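Structure record follows, encoded as structure tokens.
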Amino acid sequence: MRLTCPICGTRDRREFYYQGDAVMLDRPAADAAAQVWADWLHLRDNPAGRTRELWYHEAGCTSWLVVERDTVTHEVFSVELVEAADAD
């Protein structure tokens with residue numbers, strides 16, 4: 001798989017480090033039960049299909065990127081800097 005960094009151009013996926021879903025998770029209350037905290041920390045959806053993910057260009061410009069791609073086919077629909085994605 002190849003990702004097109006807005007700064008560096010098209011690069012191999014091995015230059016990037018996957019960080020997870022590009023969504024805000026609702027943090028449990030400070031006094032929530034231990035199991036609630038464990039679930040929040042460790043349990044994530046693993047959808048098949050189109051997703052928005054957070055990637056870090058570790059071996060390049062060190063930018064944080066939001067990548068929209070299909071987890072089944074690995075087709076990449078868009079790659080944008082986190083700052084630009086936040087403006088949407």
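The values are calculated or read from the model by the stated rules, or taken from the named source; none is laboratory data. Everything quoted here is computed from the prediction, not taken from an experiment. Because the Cβ atoms are built from the backbone with ideal geometry, glycine has one as well, and the counts that use them run over all protein chains shown. Only protein heavy atoms, including side chains, enter the accessible area calculation; ligands, DNA and RNA are left aside. Shrake-Rupley method; radii C 1.70, N 1.55, O 1.52, S 1.80 Å.
Just one of the listed residues (Ala59, Ala48, Ala30) is in contact with a helix residue (DSSP H, G or I) (Cβ under 8 Å, 6 or more places away or on another chain), open to solvent by 60 Å² or more (accessible area, probe 1.4 Å) and farther than 15 Å from Glu80 by Cα, and it is Ala59.
Remark: pairs (first residue in region 61-88, modelled with pLDDT of 95 or more; second residue aromatic (Phe, Trp, Tyr); Cβ separation under 7 Å; 6+ apart in sequence or on different chains) = Trp64/Tyr56; Leu65/Trp55; Val67/Trp55; Glu68/Phe77; Arg69/Phe77.
Going by what's in this entry, would Arg13 be described as among the basic types (Lys, Arg) and either open to solvent by less than 90 Å² (accessible area, probe 1.4 Å) or without any contact (Cβ under 8 Å) to a residue 60 or more places away in the chain (or both)? Yes: the conditions hold for Arg13. Could you tell me whether region 68-83 includes any residue that is touching a Pro at 6+ places or on another chain (Cβ under 6 Å), surrounded by 15 or more Cβ atoms within 10 Å (Cβ to Cβ) and aliphatic (A, V, I, L, M)? Yes - at least one qualifying residue is present in region 68-83. Residues in region 36-70 that are of a type in the set (S, T, N, Q) and more than 13 Å from the chain's Cα centre (by Cα): Thr62 only.
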